[in-house]
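Working notes, beginning with the structure itself.
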Amino acid sequence: MDDDFWRQVFTVPFLAEVIWFWVLFGGICTVIGARKGIPFQGFFCGFIFGPLGIVIMLLVSGNRKPCPFCLEKVHEAAAICPHCRQRLGGCGLNPFTPARVDCPRCQKEIPAPLTRCPGCGWALGN
């Protein structure tokens, strides 16, 4: 009698539904991972862990770091922040160490270590 029960439970349609279920979670985690710059890790995490993979992918920070100007998360390799449009560094430099900043009020260059414009006194971050 036990063999009949397991044969009825593990039928081909049931196994196909289980496989689609895990592939669906892999796809959802791929989308979450793609927004964080890690789509392949997202798929495998969702495919292996299923619903728990979604929680894991929501908690992972990916390869995004906060912009030093607006503090929004941007990709590590970004040259310009898509939120505030500030340049994040030059070629060969750490993109999160800005080479220079232009003052939005007087358009003078503010060197990276300074927090106020030497021309008009405008404070960075305003």
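Might you check whether a residue that is of a type in the set (S, T, Y) and either in contact with a Cys (Cβ under 6 Å, 6 or more places away or on another chain) or at pLDDT below 80 (or both) occurs anywhere in the range 25-40?
As a first pass, look at the range 25-40 and keep what is of a type in the set (S, T, Y): 30.
With the extra rule that they be either in contact with a Cys (Cβ under 6 Å, 6 or more places away or on another chain) or at pLDDT below 80 (or both), the set shrinks to none.
No, that holds for no residue.
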Of the criteria (1) surrounded by fewer than 14 Cβ atoms within 10 Å (Cβ to Cβ); (2) more than 16 Å from the chain's Cα centre (by Cα), which one F44 fails: (1)
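Quick one: is V18 in a helix (DSSP H, G or I) and at pLDDT below 85?
Working: in a helix (DSSP H, G or I): yes; at pLDDT below 85: yes.
In short, yes.
Here is a yes/no grid of residues against (1) farther than 30 Å from T115 by Cβ; (2) of a type in the set (S, T, N, Q); (3) assigned to a loop (DSSP other than H, G, I, E, B); (4) in contact (Cβ under 8 Å) with a residue 40 or more places away in the chain:
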{"site": "A34", "(1), (2), (3), (4)": "yes, no, no, no"}
{"site": "G37", "(1), (2), (3), (4)": "no, no, yes, no"}
{"site": "G42", "(1), (2), (3), (4)": "yes, no, no, no"}
{"site": "I56", "(1), (2), (3), (4)": "yes, no, no, no"}
{"site": "S61", "(1), (2), (3), (4)": "no, yes, yes, no"}
{"site": "F69", "(1), (2), (3), (4)": "no, no, yes, yes"}
{"site": "A77", "(1), (2), (3), (4)": "no, no, yes, no"}
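The values are calculated or read from the model by the stated rules, or taken from the named source; none is laboratory data. These numbers come from a predicted model, not from an experiment. Positions of Cβ are backbone-derived with ideal geometry, glycine not excepted, and every protein chain shown enters the neighbour counts.
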